[in-house]
Amino acid sequence: MTAPVSSEKKRPRHVAIIMDGNGRWAETRREERIHGHRKGLDGVRMAIETSVEYGIAALTLFTFSSENWRRPRREVRGLMDLFVRALRDEVDELAGNGVRIRFLGDTTAFGPVLREEIRRAEERTARLDRLRLNIAANYGGRWHIADAIERLLREQPGAAPGNDEIQDYINRRLAESGAGDVDLLIRTGGESRLSNFMLWQSAYAELYFTPVLWPEFDRAQYDGALDWFAQRQRRFGALGG
């Protein structure tokens, strides 16, 4: 990886990506869907390296949703194995480049081997801050909001917090997890929906949808999304210039 480059372009602080299209990419080549997920790792590396180079503060990748358990058992098992291998193979290099890894989602549903690799990766990179890499695994946006509210009720039993207090708490909890407000949300694969991903954090995100399947989303595609973001006028409810 190279050092962050200086640029006058407006860069997002937090990029979130729904990496869609791995299975379809493999199917068009008459291969098993897991082959597409393996190929998709190239795009993961590219997104991380580019984000570090441009000085982006946080990158959140949607790797496995809470709904993905409904997929064929063979594909799910292959994804779990892929997670384990990727963590074992990539963590040292990521740590060497200052990348802090955090997992978002209910990881208690994973097997003991994967849970241990997750623990090691988070512990190994806990003090790093060049890029906050959030891996959304067994994740759902509604779950994330409900989890924050559940924590609030446990911390303040019997309390009746007002709406503003609840919103402030949710904002704080999500920020503490490394998954604060999203500036740019990218979805590959041709679909134009959030699919229960980062619902709260994407309230004012710029949404970039592309038909390109994730295994074909290369550096030029990512640069194009970032250039598109740089041209957007973000109003946050105010009038434009």
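A few points about this structure:
- Among beta bridges that DSSP assigns inside the chain, antiparallel share in %, nearest 5: 0
- Radius 15 Å from Cβ of Arg38, net charge of other residues (Lys, Arg +1; Asp, Glu -1): 0
- Fluctuation leader among Val76, Val52, Val44 - the chain, Gaussian network, Cα springs under 10 angstrom: Val76
- Packing-based order for 162-172, 128-138, using average beta carbon neighbours within 10 Å, highest first: 128-138, 162-172
- Shape call, the chain: gyration tensor on alpha carbons, a/c limit 1.5: rounded
- Difference of contour (0.36 nm per residue) and Cα-Cα distance, Arg115 to Asp218: 34.1 nm
- Working note: Karplus 6.51/-1.76/1.60 with θ = phi - 60° gives the stretch 41-52 the couplings 4, 4, x, 4, 4, 4, 5, 5, 4, 5, 5, 4 Hz, where Gly and Pro are set to x.
- Segment Glu27-Asp168, length gained on full extension (0.36 nm per residue, minus Cα span): 46.3 nm
- Each other residue within a Cβ distance under 11 Å of Val182 adds +1 if Lys or Arg and -1 if Asp or Glu, for a net charge of -2.
- Note on Arg71 and Asn97: with the Förster distance fixed at 25 Å, the Cβ-Cβ geometry gives a FRET efficiency of about 0.20.
- Principal axis extents of the Cα atoms in the stretch 125-239, from largest to smallest and rounded to whole angstrom, are 52, 41, 29.
- Options Ala47, Val76, Ala86, ranked by Cα towards positive dipole end of the stretch 1-107, top entry (Cβ charges): Val76
- Note on the stretch 85-241: with charges restricted to the Cβ of Lys and Arg (+1) and Asp and Glu (-1), its dipole about the Cα centre is near 100 debye.
- Using a Förster distance of 25 Å, the FRET efficiency for Met46-Ala230 (Cβ separation, nearest 0.05): 0.85
A short reminder: the numbers here are calculations on the coordinates, not readings from a lab. None of these values were measured; they are calculated from a predicted model. Cβ sites come from the backbone with ideal geometry, for glycine too, and all protein chains shown count toward neighbours.
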